[in-house]
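Reviewing the structure listed below.
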Amino acid sequence: MLVLGGIRSGKSQWAETAIAEAAGDGRAVRYLATGSGSADDAEWSARVAAHRQRRPAHWSTVETIDVPTQLRTDTHTATLVDDVGGWLTAVMDRRGAWTSGSVATDVDELIDAVDGFGSALALVSPEVGLTVVPATAAGRRFADELGTLNQRLAAVCERVVLVVAGQPVTVKAP
């Protein structure tokens with residue numbers, strides 16, 4: 001399932017509940033955390049800490065930007081990826097795609113890994129299409145890439161949910 005929403009919409013918390021239900025009561029869930037933090041950013045560190053504190057103790061957490069490899073490594077454990085925007089940011093950094101590089105190969109790999117995943121999977125992603133058009137070329141490039149990526153993920157996911165003010169709105173149902 002793809003879980004979309006704006007900043008502070010409640011999308012991560014909703015996805016955590018949904019993947020726990022999909023996995024089954026007390027069953028293992030692997031949490032792929034894509035956001036890299038900085039010791040210099042106390043506000044970001046607090047956000048990451050809040051996410052960590054919400055996770056049940058029996059969930060495993062992998063902090064990674066290599067989501068496709070992680071999804072292919074273990075296709076049988078229920079998995080939550082939080083979030084796709086963090087993954088795309090890291091890919092754009094690595095590929096120099098803020099100005100001219102391409103993320104097409106990386107996106108294709110992610111789509112392929114999601115499409116071939118064999119267990120419950122929840123992907124959390126920002127919905128960038130509900131805000132102002134970014135003022136910078138790099139911001140517009142990110143919004144365009146993420147919008148396209150979200151569309152491709154939605155095409156291969158059985159379920160798509162948009163979380164608005166903590167409330168889920170079904171966009172696509174199985």
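The values are calculated or read from the model by the stated rules, or taken from the named source; none is laboratory data. Everything numeric in this text was worked out from a predicted model, so none of it was measured. Counting neighbours? That spans all protein chains shown, and the Cβs are built from the backbone with ideal geometry, glycine included. SASA here: full protein model, heavy atoms, side chains in, ligands and nucleic acids out. Shrake-Rupley method; radii C 1.70, N 1.55, O 1.52, S 1.80 Å.
Structure data summary
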{"quantity": "Lone qualifier among 110, 80 - being at pLDDT 95 or above, under 12 Å from the mean Cα position of the chain (by Cα) and outside any helix (DSSP H, G or I)", "calculated": "80"}
{"quantity": "Any hit, the range 114-123, residues being open to solvent by 90 Å² or more (accessible area, probe 1.4 Å) and of a type in the set (S, T, N, Q)", "calculated": "no"}
{"quantity": "Given (1) aliphatic (A, V, I, L, M); (2) within 27 Å of residue 17 (Cα to Cα); (3) open to solvent by 40 Å² or more (accessible area, probe 1.4 Å); (4) touching a helix residue (DSSP H, G or I) at 6+ places or on another chain (Cβ under 7 Å), number of the condition residue 173 does not satisfy", "calculated": "(4)"}
{"quantity": "The range 95-113, residues that are without any contact (Cβ under 8 Å) to a residue 12 or more places away in the chain and either within 24 Å of residue 158 (Cα to Cα) or open to solvent by 20 Å² or more (accessible area, probe 1.4 Å) (or both)", "calculated": "95, 96, 100, 102, 104, 105, 108"}
{"quantity": "Hits in the range 4-28 (condition: free of Cβ contacts under 8 Å to residues at least 60 places away in the same chain and either closer than 13 Å to residue 127 by Cβ or in contact with a helix residue (DSSP H, G or I) (Cβ under 6 Å, 6 or more places away or on another chain) (or both))", "calculated": "8"}
{"quantity": "Conditions (1) under 13 Å from the mean Cα position of the chain (by Cα); (2) surrounded by 13 or more Cβ atoms within 10 Å (Cβ to Cβ): number failed by residue 63", "calculated": "(2)"}
{"quantity": "Hey, residue 127 acidic (Asp, Glu), on the phi < 0 side of the Ramachandran plot and crowded, with 20+ Cβ neighbours inside 10 Å or not", "calculated": "yes"}
{"quantity": "Subset tally (residues that are open to solvent by less than 50 Å² (accessible area, probe 1.4 Å) and either assigned to a helix (DSSP H, G or I) or of a type in the set (A, V, I, L, M, F, W, C) (or both)) for the range 15-26", "calculated": "6"}
